[in-house]
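> Could you have a look at this structure, given as structure tokens, before my questions?
The values are calculated or read from the model by the stated rules, or taken from the named source; none is laboratory data. Computed from a predicted structure; not experimentally measured. As a convention, Cβ positions derive from the backbone with ideal geometry for all residues, glycine included, and neighbour counts pool all protein chains shown. Calculation scope for accessible area: heavy atoms of the full protein, side chains included, ligands and nucleic acids excluded. Shrake-Rupley method; radii C 1.70, N 1.55, O 1.52, S 1.80 Å.
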Amino acid sequence: MLKRLVQYRRRLVEFSATHPRFVVGLTLLLTVAFGLQFPKIRIDTDPKNMLPETSQVRRYNDQVEGWFGLHPDVIVVGIRNEGGIFNPESLRRIERITDEVLKLPGIVARDVISLPTVDDVTVDGDTLRAQPLLARVPERAEDIDALRKRITGNPLVVNRLVSADGKVSALYVPIEKGANGKAIADRIKKITAAEKGPEQFFFAGDPVARDTFGIEMFRQMAWFSPLAGMVMMVALYFMFRSATLVVANMGVAMISIIWAMGFFIGLGVPIHIMASMSPVFLMAISTDTVHIFNEFHFRYKDVREKREAILQTMEATATPITYSDLTTAAGFASLAVGPIVPVKIFGLLVAVGTLVILLMSFTLVPALMALMKEERIERVNLKKDPGGVVSRLLYDVGRFATGRRTAVVLAGALLIGVSAVGIAWIRVNNNMIHWFKAGSEVRKADRVLNESLGGTATLYLVADAKEEGGIADPKVLRSLEGLQKEIEKRYPVGKTVSVADYVKRVNRVLHDDDPAHETVPDSRETIGQYLLLFNMAAKPRDLNNVIDYPYRKANVVVQLQSWDAVDTKALLEQIRGDLRANPIPGVEIRPAGIAYFNMVWNDEVLWGMLSGFLASCVLVLFLLVLAYRSFWWGIASFLPLFFTIVLIYGVVGFVGKDLDMPISVLSTLSLGLAVDFAIHFASRFRQRYGETKDVQEALLWTVARPGKGILRNAVLFASGFAAMIFAALTPYVTVGIFMMAIMLLSAAATILLLPALVVLFPRLLTKGT
Amino acid sequence: MAKKRAVWLMTGFSLFLLLSGLFSRAFAETPGGAEEMMRRSALVQFYAGNDMKTKVTMRLRSKEGGERVRELLMARRNVKAGGDQKYFILFLQPADVRDMTFLVWKYPQRDSDRWLYLPAIKLVKRIAANDKRSSFVGSDFSYEDVSGRAVEEDNHALLREEKYAGKEVYVVKSVPKDEKSADFGYKVSWVDKGNFVLWKEEYYDKRGSLSRVFTADEVKPIQGFPTTVKRMMKNVQTGHWTEATFGEVKYDLGLADSLFSERSLKNPPKAFAR
């Protein structure tokens, strides 16, 4: 069976070398066919969709939103005047902006919350007055002052709509399902830009960050992956001085991207931000071509006959290429076992792309080599031997690794040990706001609003009394009030609002605005009547946001000043502790809202990703053992991957960077690269050792010759992806740094650690080869 | 004296109905005609009889199926047909709001006066609120939906004539003259050509999308007045809806003006509460 496959492969290579024009033509034709699928692309920029709509947390959030008339996506517009917003000009601006915002398409006008749209109940002698907080802008100084006192003295409003110091006011603009938060924020920006005053405007909230990120992600991908490709092409040209080689190399990468993406787009699969990263991955995996050309370079010098050189090159590199591509494909495909759909698609997309690369290695690459003019190869190689210095250097490296084998292995072990400490410090956390750079507009808006108001992230604590009218019980309301007091002491809580606050407010207002009556009354009837009174005076929406129709469930709205998933998690732990110490009889409390969603997302997507990655690693190890039919060689060729990942995670831990979505995605990249290097090294060494039976000679040869391909590869990609360090989104910066780290670390591990191990354990690693 | 005037008014009104029925096609073509139609529809809808009393059962439903039921006795007395009115409301259900009373003096041209009595703290308060925006006892109906909106506040235009649920109807579009005077951008009404019952009304928000839909689900003649005994207001944007059933409807009971006073808030007349 295996022999037959090898037969087919040989025939494929021979055919391609004999009919290169046909192969190139056919490849181009197929590429055009796959490329034609691209206009059908469906892009999904919403990171929320990493969890399916049917997931428990999304379902429960939908339910909670239904019970309380809430909206999942709310844009927060902050208006800051250093001199305070309580002056006729600023107030009129707020009024005008609100009016204009209400007319925008895609927003939920009825639920826009701002000073002119929220009702306030005040008392004036025998009269209860229900009117918007800002019904009309007062002109006289004393009226302005009265308004400021009234608004900043209202606990339902302060730190939500207006900061305690009166410098910042906010508009909460819910948007319709499916509306684009960034597009709407941009339209609001146009409205605020028309106001020429001392006020500054800030735009925050989950939809702004999310949609800005989604759009930027695709845009930067469109910028930086071609840029990385260009840098690599230039580097490649300086290595080989051959345009054909450059074209072949990048061509294989492009073709694999177009085929794999075209295939999935053609199937109607939406391209999610995760899958949008796959071109980077496929570019990295297509490095096989460098190994082939590296070998071709040497072989041609030996045999001086193009066709023979091609066949010999393919014969020598076929096994490692097949092994490394198959293990890489299997590793990525195994991501599809997990529950998260975009991760599945991403895994399968990269796996399919990898198989395309494998196919190209045996068809397009030999065909292109066959099309190269002989005198040109000659000239390249004769004019100068560009690898001479590097080869000699690598020879020295090989001698060092084998000579100081114990020291090298111990140093490696020490690094792994130290990294283990760093790994213990790792914090698995996701914070979408931090996907933007510290100086970015999104980060700044979030910081300003979190400093002056209750917080831009929302958590809901849904209290279920299990029976109709259960919430209107004074005991329950007092418990909620107590819970709020506890929560408000905790980080990162900035503000809480519940139905208890409304009841207290009505109680105070009905008692001539006496602060001493800002309490929950003693009887259920009083509470019921207050709630009806409030509903009769103000918009029913206000109450509906905190209590459901049958008074069975209440919603405690908790504003958080941090988007960190770990902060939400710690807070919920503390709340659970509070509730264990002081349970509310008959009432069950469950979290919901965007902050909770992000926490669950963090747990499920990140841990799902990590566990998928670990499973892939185990699978790769298993495949390596199987491929070499040697347990120890399996382990050895797994080592560079292990070393690379452990070191990177160790550094992540030490530096204090969160292990977030981008890092967990990129971890999987090491599957494609580190294993690739190790397999090339191991296969070529075993071939050479089989021929010469001299361990030392075979090792030095491997370090110097295939090792050069590895090093070229590493330098090529490190330089290509260095460009990404200048990207505007931190995930791309991470891609840049990560790629360089993976390249250099796994190359170092392969060139230094493997020879040292082979000479240290010669019996385990030379037996059976 | 008052009775005699009322009889005259009724006679005049019926004659007017009859005549205008004959000429309806003629006046429908002029803008003033559409306004007249709406005025008469408002009379049928909100001013039937000199007074009336009914037991209202309201079912308030939220999107996720949460339900709140309210039961109340409501009395209305016209001070002037098409003009001022007084409403007195006594809550029966749910238990915690039982005996709450509510008094509304409605003026077509300005915000109504409202008083509320909270038995739990034995307190009467006057409430000053905006009729256009505030909800009627927390339901999807606004005060205007319950007691009418002054016809002069809108520009009316006949859109078409059609059949609605087997009835010949006028379809009239009404746009507020002053944008700020209403919570809606415009509304479309389906008015019965025969008896001027309002069968359906669609409210569009200021951006032109449908926000609420009123339907008369059951109309029957009571004491000669076509009475909408079951009505529904659906908020199509929030998915909330309120169904109001008018039971035990009686007209022209000769309700005393004293019922509609601050004094009866604390002590509603026994005869009324029964």
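> Considering only residues that are of a type in the set (D, E, K, R) and in a helix (DSSP H, G or I), which ones fall in the stretch A:653-681?
Within the stretch A:653-681, just A:676 meets the criteria.
> Tell me, which helices (runs of 4 or more DSSP H) wholly within the stretch A:516-595 include 3 or more residues that are within 8 Å of chain B (Cβ to nearest Cβ) and open to solvent by less than 10 Å² (accessible area, probe 1.4 Å)?
In the stretch A:516-595, A:524-537 are the helices (runs of 4 or more DSSP H) which contain 3 or more residues that are within 8 Å of chain B (Cβ to nearest Cβ) and open to solvent by less than 10 Å² (accessible area, probe 1.4 Å).
> Does residue A:638 meet the test of being of a type in the set (A, V, I, L, M, F, W, C), touching a helix residue (DSSP H, G or I) at 6+ places or on another chain (Cβ under 6 Å) and either at pLDDT below 90 or under 22 Å from residue A:423 (Cβ atoms) (or both)?
Judged against the criteria, residue A:638 is a match.
Yes/no matrix, rows are residues, columns are (1) touching a residue at least 40 places away in the same chain (Cβ under 8 Å); (2) open to solvent by less than 10 Å² (accessible area, probe 1.4 Å); (3) not in a helix (DSSP H, G or I):
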| position | (1), (2), (3) |
| --- | --- |
| A:222 | no, no, no |
| A:231 | yes, no, no |
| A:235 | yes, no, no |
| A:247 | yes, no, no |
| A:252 | yes, yes, no |
| A:257 | yes, no, no |
| A:260 | yes, yes, no |
| A:279 | yes, no, no |
| A:282 | yes, yes, no |
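> Another one. Does residue B:211 satisfy the criteria of being in contact (Cβ under 8 Å) with a residue 12 or more places away in the chain, of a type in the set (Gly, Ala, Ser) and surrounded by 16 or more Cβ atoms within 10 Å (Cβ to Cβ)?
When the stated conditions are applied, residue B:211 passes them.
> Here is a further query. Just one of (1) out of contact with any Gly (no Cβ under 9 Å at 6 or more places or on another chain); (2) surrounded by 20 or more Cβ atoms within 10 Å (Cβ to Cβ) trips up residue A:164, so point out which.
Of (1) out of contact with any Gly (no Cβ under 9 Å at 6 or more places or on another chain); (2) surrounded by 20 or more Cβ atoms within 10 Å (Cβ to Cβ), only one is false for residue A:164: (2).
> Scan the stretch A:304-318 for residues that are of a type outside the set (Gly, Ala, Ser) and modelled with pLDDT of 85 or more and jot them down.
Across the stretch A:304-318, the qualifying residues are A:305, A:306, A:307, A:308, A:310, A:311, A:312, A:313, A:314, A:315, A:317.
> Quick check on the stretch B:214-232: of everything there that is in contact (Cβ under 8 Å) with a residue 40 or more places away in the chain and more than 20 Å from residue B:151 (Cβ to Cβ), which residue is surrounded by the fewest Cβ atoms within 10 Å (Cβ to Cβ)?
Among those residues, the one meeting the criterion is B:223.
> Collect the residues in the stretch B:246-260 that are small (Gly, Ala, Ser) and either open to solvent by less than 30 Å² (accessible area, probe 1.4 Å) or within 29 Å of residue B:216 (Cα to Cα) (or both), keeping them in residue-number order.
Correct list: B:247, B:254.
> Looking at (1) at pLDDT below 90; (2) open to solvent by 30 Å² or more (accessible area, probe 1.4 Å); (3) over 25 Å from residue A:447 (Cα atoms), can you tell me which one residue A:656 breaks?
(3)
> Same structure again: Answer yes if at least one residue in the stretch A:73-80 is part of a strand (DSSP E or B), open to solvent by 40 Å² or more (accessible area, probe 1.4 Å) and of a type in the set (A, V, I, L, M, F, W, C), and no otherwise.
yes
> A further question follows. Given the condition surrounded by 21 or more Cβ atoms within 10 Å (Cβ to Cβ) and in contact with a strand residue (DSSP E or B) (Cβ under 9 Å, 6 or more places away or on another chain), answer yes or no: does some residue in the stretch A:602-609 qualify?
Within the stretch A:602-609 (the criterion being surrounded by 21 or more Cβ atoms within 10 Å (Cβ to Cβ) and in contact with a strand residue (DSSP E or B) (Cβ under 9 Å, 6 or more places away or on another chain)), the answer is yes, since at least one residue qualifies.
> Identify the residue in the stretch A:366-409 that is open to solvent by 40 Å² or more (accessible area, probe 1.4 Å) and hydrophobic (A, V, I, L, M, F, W, C) and, among all such residues, is modelled with the lowest pLDDT.
A:382
> Name the single residue, out of those in the stretch A:120-130 being in a strand (DSSP E or B) and open to solvent by 60 Å² or more (accessible area, probe 1.4 Å), that is farthest from the other protein chains (Cβ to nearest Cβ).
A:124
> Just to check your reading of the model, which residue among B:139, B:135, B:112, B:62 is free of Cβ contacts under 8 Å to residues at least 12 places away in the same chain, open to solvent by less than 50 Å² (accessible area, probe 1.4 Å) and within 14 Å of chain A (Cβ to nearest Cβ)?
Residue meeting the stated conditions: B:135.
> Here are the criteria: (1) surrounded by fewer than 19 Cβ atoms within 10 Å (Cβ to Cβ); (2) assigned to a strand (DSSP E or B); (3) among the charged types (D, E, K, R). Tell me which single one residue B:263 does not satisfy.
With (1) surrounded by fewer than 19 Cβ atoms within 10 Å (Cβ to Cβ); (2) assigned to a strand (DSSP E or B); (3) among the charged types (D, E, K, R) applied to residue B:263, the lone miss is (2).
> If you don't mind, another one. Being modelled with pLDDT of 90 or more, under 30 Å from residue A:607 (Cβ atoms), of a type outside the set (Val, Ile, Thr) and not assigned by TED's automatic domain parsing to the domain that holds residue A:25 is true for just one of A:412, A:353. Which residue is that?
Being modelled with pLDDT of 90 or more, under 30 Å from residue A:607 (Cβ atoms), of a type outside the set (Val, Ile, Thr) and not assigned by TED's automatic domain parsing to the domain that holds residue A:25 holds for just one of A:412, A:353, which is A:412.
> Would you say residue A:430 is surrounded by 14 or more Cβ atoms within 10 Å (Cβ to Cβ), at pLDDT below 85 and under 30 Å from residue A:652 (Cβ atoms)?
yes
> Residues that are within 14 Å of another protein chain (Cβ to nearest Cβ): list the strands (runs of 3 or more DSSP E) wholly contained in the stretch B:182-247 that include at least 1 such residues.
Ranges flagged: B:198-204, B:210-222, B:225-235.
> Kindly establish whether residue A:684 is part of a helix (DSSP H, G or I), among the basic types (Lys, Arg), open to solvent by 30 Å² or more (accessible area, probe 1.4 Å) and in contact with a helix residue (DSSP H, G or I) (Cβ under 6 Å, 6 or more places away or on another chain).
The answer is no for residue A:684.
> Hey, could you check the stretch B:68-109 for residues that are more than 13 Å from chain A (Cβ to nearest Cβ) and in a loop (DSSP other than H, G, I, E, B) and say which is least open to solvent (accessible area, probe 1.4 Å)?
B:83
> Please identify the pairs in which a residue from the stretch A:134-158 that is in the same structural domain as residue A:97 (by TED's automatic domain parsing) has its Cβ atom under 8 Å from the Cβ atom of a residue that is outside any helix (DSSP H, G or I) and β-branched (Val, Ile, Thr), counting only partners at least 6 apart or on another chain.
If the second residue must be outside any helix (DSSP H, G or I) and β-branched (Val, Ile, Thr), the pairs left are A:150/A:122; A:151/A:157; A:151/A:158; A:151/A:162; A:152/A:158; A:152/A:162; A:156/A:497; A:157/A:118.
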